[in-house]
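Presented below is the structure to which this report refers.
The values are calculated or read from the model by the stated rules, or taken from the named source; none is laboratory data. Note that the structure is a prediction, hence the values are computed from the model and not measured. Note that each Cβ is placed from the backbone with ideal geometry, even for glycine, and that neighbours are counted across all protein chains shown.
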Amino acid sequence: MATIVDLGFQFVERNSAGQIVRRFPASGLPTRGGTSRIIIHHTGGTGNAASVHEYHQNGRRWMGIGYNFMIERNGRIVQGRGWNAVGSHSLNQNNESVGIALQGCFHTPGSTMPTPTEEQLRSLVALLNVAFTRWPAMRNSMNNHGGHRDMPGHATNNCPGNRFHSQVRHLLNCGRDFANVVFALNTLRSRGVINDPNYWRDSFHQLEHLNTLIIRFGNTPVANTQVRNFTNARDAINHLANRRIIDSPAYWLSNFHRVRFLDSFFIQFANRIH
Ligand SMILES: [Zn+2]
């Protein structure tokens, strides 16, 4: 689901005088000792992946782009150092982490790219799913992962920005749950509860706890014949709470308007629960 684009970035090695003595592709980079963390960044600027690579290589005089992956404004995922190489994005954690940066500055007032785009968020969840699939043990240590400022020794760093940081935990959970959500959505379609799994796959990151709700709905048996007749979301939510399928009707009542079709999702589902 996550399409990763390799732009063929060339990395460099310099001699002690700073002159470039060798150019090589990402596959030639030193590999990490292990992988225990996923670290989320904003780039802090407006440049695309190619310009960040250029800046890190010639401005900062690193080997090349420091992030393992970068997600541009249109959601394109560009390979930086790739899955297994040591990055240069979070001092003291580079040898154990995958660094993923979103193009934009989500911190500084007046930024022309002040928040991530929907496309970036969707791509991030899909990319996180790939990471958790590669290293399943990381699903059990969610506190290891976070935004750059959550890392030990980086508390004073503003990355990934005040306007994005509060979403990072939720997105990490979505990435961890992605495969389960997709499975649950396919189950719900086969039972006639939803029509379009792709819509929900692209939307579940929009609301905290929606991933948990989808998984729970997908794991709840529904009646295939008898259909009730709830017509509004409030009644449907209360019915599901009475059946102990959801815990907090107040939460959903105050949030269901934030995701299109969530009200009809509740009604469709509740109609099949007796
Ligand atoms: Zn950062």
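Numerical summary
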| read-out | value |
| --- | --- |
| Residue check for Phe261: surrounded by 21 or more Cβ atoms within 10 Å (Cβ to Cβ) and closer than 17 Å to Leu188 by Cβ | no |
| Among (1) within 13 Å of the ligand (Cβ to nearest atom); (2) without any contact (Cβ under 8 Å) to a residue 12 or more places away in the chain; (3) part of a helix (DSSP H, G or I); (4) not aliphatic (A, V, I, L, M), the one test that Ser166 misses | (1) |
| Single residue of Arg23, Arg76 found to be under 25 Å from Gly110 (Cα atoms) and touching a strand residue (DSSP E or B) at 6+ places or on another chain (Cβ under 7 Å) | Arg76 |
| Failed criterion for Ala17 (all others in (1) at pLDDT below 95; (2) in a helix (DSSP H, G or I) hold) | (2) |
| Verdict on Gly161 being buried (at least 20 other Cβ atoms within 10 Å of the Cβ), in contact (Cβ under 8 Å) with a residue 60 or more places away in the chain and within 16 Å of the ligand (Cβ to nearest atom) | yes |
| Sole residue being in contact with a Ser or Thr (Cβ under 8 Å, 6 or more places away or on another chain) and part of a helix (DSSP H, G or I), chosen from Gly218, Gly175 | Gly218 |
| Subset of the stretch 91-121 that is outside any loop (DSSP other than H, G, I, E, B) and of a type in the set (D, E, K, R) - its residue that is surrounded by the fewest Cβ atoms within 10 Å (Cβ to Cβ) | Glu118 |
| Selected residue (criterion: surrounded by the most Cβ atoms within 10 Å (Cβ to Cβ)) from residues of the stretch 44-85 that are within 16 Å of the ligand (Cβ to nearest atom) and hydrophobic (A, V, I, L, M, F, W, C) | Ile65 |
| Members of the stretch 5-14 that are within 15 Å of His53 (Cβ to Cβ) and assigned to a strand (DSSP E or B) | Val5, Gln10, Phe11, Val12 |
| Number of positions in the stretch 178-195 that are crowded, with 21+ Cβ neighbours inside 10 Å and not in a helix (DSSP H, G or I) | 1 |
| Filtered residues of the stretch 9-62 (kept if in contact (Cβ under 8 Å) with a residue 24 or more places away in the chain and acidic (Asp, Glu)) | Glu13 |
| Qualifying position, being buried (at least 21 other Cβ atoms within 10 Å of the Cβ) and outside the structural domain of Arg37 (by TED's automatic domain parsing), among Leu172, Leu124, Leu128 | Leu172 |
| Of all residues making up the stretch 138-158, the number that are part of a helix (DSSP H, G or I), touching a residue at least 24 places away in the same chain (Cβ under 8 Å) and either more than 12 Å from the ligand (Cβ to nearest atom) or of a type in the set (A, V, I, L, M, F, W, C) (or both) | 4 |
